[in-house]
Amino acid sequence: MGSLSGCRKADPTCDAQAILCRSTRRRPTLRRTTTLNTRLRGEVATHTIARIFSGVLSLYLFALIARLYSTNDVKDLYFFLLIFGFAVSALRTLTNVSASLQATHSKSRRLRHIQSASGEVLFAALLVVPVTIWLLEQHVSNPTLLVCSAVLLVGAAVDSDPIRALVDRSARFAAAFALGSTLAVSWLLVMAPGPKEYAVIAILLQFVPVALLNFISLMRTGADSLSAGVVRLRANTGSVVTLFIVAVFDGLILNLLFLLGWRAPVDAGIDVAIVIRVFSASLVMFPLFLHWSNSSALARLASRARITVPVIFFSLQVGSAVVCGLLFGVAYAWVSDQHLGFSQLSMFIALVVAFCLYTTAARFGGRAASARLLAPVLGAVAMTTIAAALFMMARPTFHALVFTALQCTALVLGALAIHVTARLARLDAIEPKRLYL
């Protein structure tokens, strides 16, 4: 039989061959799509199970501490966990914001960005660790535990999952933290009753598997990460400081009630605490979507949906957070025999949208933003928000809805500041080229 190009158009044999050729050309694309869907569904299932498991164990650990220790000890232990968790979260966020990985970049370029970001986080930890240990020492005075806390803080701070995202492998943070939560609860159950230091060990055990995985990753790329971090610090120290401010800004705003010493009236303060707790529980899928943004998975999903990567990142966050938060709210209402009112649900949804706006702006615009403009703007927003919060807490008419509105406003203003300064930085980079042309 002659070639396909020489066949007559009316020949049914030629038509069949043409269809076969077209289907053969499409088959690899369909196979890649099927493989991607299967892999992502597996990652969603594994991540969800691990996060739910660790979440249940974390809540059980909270309840166990409250049952085994006195009120003053419980207060110290809860603040210890809050401060330590806040520091770890801020430094891990700095890794992703500083790397600012794009699926369109080559693997070698993304690897250099990851190494630079890891080096920056290690140097940032040198500043964060002394401050964190000083704050922890106000609640736990055991020097051995403070030294262990410093080591664990450095180990848990550097996120090793972006390296796995580079080769489209699943994240390990959720499974590692679930293992750590298991170790923590098991330790406390075996050693109870005991002194307060046993509970501190249980809190630290949650982060041991995460720190070990990160230390193993650092042993492979530690020298390269440090050298790349030194190069970037020498090039632009202000940019690194600004990125750290971006990384801690949302945590500072969300934890205002606790960081300011809970000066609000009891009833209104409890309403805010409930909303923050439901909000925290709603972020089950956030680490997974952040991991997808570092790999090619999110870019492929965005291309298939014909929208941009930031839009699908924001949409996935909001959708999953609202669903998970409502499920947790129903569970909380059933266990506590207290119904969540319309105002509390409204505060929760508003907080989710504002937080997702900020994290999307930070993830995709934090590195590109102008450091000399962004740092003072975020600082001004944070200081104004803190002053307004203190003023509101001092008044007997303090209302939880108004306080949550203040938090949402600060997060939206922070997102807007990142977006505008990033756009101005891009325009500044383009303008010299236009003048040259």
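The values are calculated or read from the model by the stated rules, or taken from the named source; none is laboratory data. This is a predicted model, so every value here is computed, not measured. Methodologically, a virtual Cβ is constructed for each residue, glycine included, from the backbone with ideal geometry; neighbour enumeration extends over all protein chains shown.
Descriptive notes on the structure:
- Condition broken by C408, with the remaining ones in (1) surrounded by fewer than 16 Cβ atoms within 10 Å (Cβ to Cβ); (2) modelled with pLDDT of 90 or more satisfied: (1)
- Condition check for L136 on (1) under 25 Å from A368 (Cβ atoms); (2) of a type in the set (A, V, I, L, M); (3) surrounded by 22 or more Cβ atoms within 10 Å (Cβ to Cβ): one failure, at (1).
- In summary, R234 fulfils each of the numbered conditions (1) of a type in the set (K, R); (2) closer than 16 Å to R92 by Cα; (3) at pLDDT below 75 with the single exception of condition (2).
- Pairing each residue of region 29-54 that is more than 14 Å from R172 (Cα to Cα) with any residue that is at pLDDT 75 or above and charged (D, E, K, R), provided the two are 6+ apart or on different chains, yields C-beta distances under 8 Å for T33/R304; L36/R300.
- Sub-7 Å Cβ pairs linking a first residue in region 78-90 that is of a type in the set (S, T, N, Q) to a second residue that is in a helix (DSSP H, G or I), at least 6 apart or interchain, are S89/G251, ordered by first then second residue.
- On inspection, A333 passes the criterion of being surrounded by fewer than 22 Cβ atoms within 10 Å (Cβ to Cβ) and either free of Cβ contacts under 8 Å to residues at least 12 places away in the same chain or under 30 Å from V241 (Cβ atoms) (or both).
- A90 being buried (at least 16 other Cβ atoms within 10 Å of the Cβ), modelled with pLDDT under 85 and under 17 Å from L205 (Cα atoms): no
- Breaking point among (1) farther than 30 Å from A45 by Cβ; (2) assigned to a loop (DSSP other than H, G, I, E, B), for V200: (2)
- Conditions (1) at pLDDT 75 or above; (2) in contact with a Lys or Arg (Cβ under 9 Å, 6 or more places away or on another chain); number of the one not met by A202: (2)
- Taken over region 138-195, the criterion of being outside any helix (DSSP H, G or I), touching a residue at least 24 places away in the same chain (Cβ under 8 Å) and among the hydroxyl-bearing types (S, T, Y) is satisfied by S160, S170.
- Residue in region 358-368 that is charged (D, E, K, R) and crowded, with 18+ Cβ neighbours inside 10 Å present: yes
- Residue match in region 246-262 (condition: surrounded by 17 or more Cβ atoms within 10 Å (Cβ to Cβ), at pLDDT 80 or above and of a type in the set (G, A, S)): yes
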